[in-house]
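Colleague: Below: one structure in structure tokens.
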Amino acid sequence: MRKKVHFIFMALVFVILSAFLTAEIANAFCVYNETDKVLFVQETGGGKIASLGGFIARNLQPGENKCCNWKDKDCNSEGKKDSIVTFEVNTVPITSHDPPSIDVCTDFPIKAGGWMTVVGKNNQYTCTAHF
């Protein structure tokens, strides 16, 4: 009985490990909001403009992210994982007491198979590209 349980356990470990090793790590570029503000994120280059189906995140809440598959021609017209896509990121005033929107980054480039983090607080924000 003990050998049977051990064999089943080892088979399960092998199956799970194989699944992790054969899975593609990232199929999308993503924008992560790691700030204390709601963000407006729009693709400015490398894909379709937002009004025609390109990437846009109108109210990206703190701690949230939005992604688009790098193979999607609307988000990445070249369709290659290392193609460059660019973004505009601004804060979004929620109430009339909030300051006006802040331009966080303009025409910020990342690779279509990578991701971007927007970090900061107290009206000091930066964008960082990752691949």
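Colleague: Among the residues of region 28-50, how many are over 13 Å from Lys111 (Cα atoms), part of a strand (DSSP E or B) and either without any contact (Cβ under 8 Å) to a residue 60 or more places away in the chain or of a type outside the set (S, T, N, Q) (or both)?
Modeller: 6
Colleague: Let me spell it out: the conditions are (1) on the phi < 0 side of the Ramachandran plot; (2) not in a loop (DSSP other than H, G, I, E, B), and Gly120 meets all of them except one. Which number is the exception?
Modeller: (1) is the only condition that Gly120 fails.
Colleague: So in region 13-49, with the set limited to residues that are closer than 15 Å to Phe87 by Cα and over 16 Å from the mean Cα position of the chain (by Cα), which one is modelled with the highest pLDDT?
Modeller: Lys48
Colleague: Filtering region 96-128 down to residues that are out of contact with any Pro (no Cβ under 7 Å at 6 or more places or on another chain) and hydroxyl-bearing (Ser, Thr, Tyr), which residue is surrounded by the fewest Cβ atoms within 10 Å (Cβ to Cβ)?
Modeller: So the residue we want is Ser96.
Results for (1) of a type in the set (Phe, Trp, Tyr); (2) part of a helix (DSSP H, G or I); (3) at pLDDT 95 or above; (4) under 13 Å from Glu34 (Cα atoms), shown as yes or no for each residue.
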{"site": "Ala57", "(1), (2), (3), (4)": "no, no, yes, no"}
{"site": "Pro62", "(1), (2), (3), (4)": "no, no, yes, yes"}
{"site": "Val85", "(1), (2), (3), (4)": "no, no, yes, no"}
{"site": "Glu88", "(1), (2), (3), (4)": "no, no, yes, no"}
{"site": "Ile94", "(1), (2), (3), (4)": "no, no, no, no"}
{"site": "Asp98", "(1), (2), (3), (4)": "no, no, no, no"}
{"site": "Ser101", "(1), (2), (3), (4)": "no, no, no, no"}
{"site": "Asp107", "(1), (2), (3), (4)": "no, no, yes, no"}
{"site": "Ile110", "(1), (2), (3), (4)": "no, no, yes, no"}
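Colleague: Same structure again: Only one of (1) out of contact with any helix residue (DSSP H, G or I) (no Cβ under 8 Å at 6 or more places or on another chain); (2) open to solvent by less than 40 Å² (accessible area, probe 1.4 Å); (3) over 15 Å from Asn27 (Cβ atoms) fails for Ser83. Which number is that?
Modeller: Looking at each condition in turn, Ser83 falls short on (3).
Colleague: Gly63: touching an Asp or Glu at 6+ places or on another chain (Cβ under 8 Å) and crowded, with 17+ Cβ neighbours inside 10 Å, yes or no?
Modeller: In short, no.
Colleague: Phe131 - would you say it is aromatic (Phe, Trp, Tyr), open to solvent by 20 Å² or more (accessible area, probe 1.4 Å) and at pLDDT below 95?
Modeller: Numbers: aromatic (Phe, Trp, Tyr): yes; open to solvent by 20 Å² or more (accessible area, probe 1.4 Å): yes; at pLDDT below 95: yes.
So Phe131 fits the description; yes.
The values are calculated or read from the model by the stated rules, or taken from the named source; none is laboratory data. Note that the structure is a prediction, hence the values are computed from the model and not measured. All Cβ positions, even for glycine, are placed from backbone atoms using ideal geometry, and neighbour counts span all protein chains on display. To get the accessible areas, we keep the full protein, side chains included, count just its heavy atoms, and leave off ligands, DNA and RNA. Shrake-Rupley method; radii C 1.70, N 1.55, O 1.52, S 1.80 Å.
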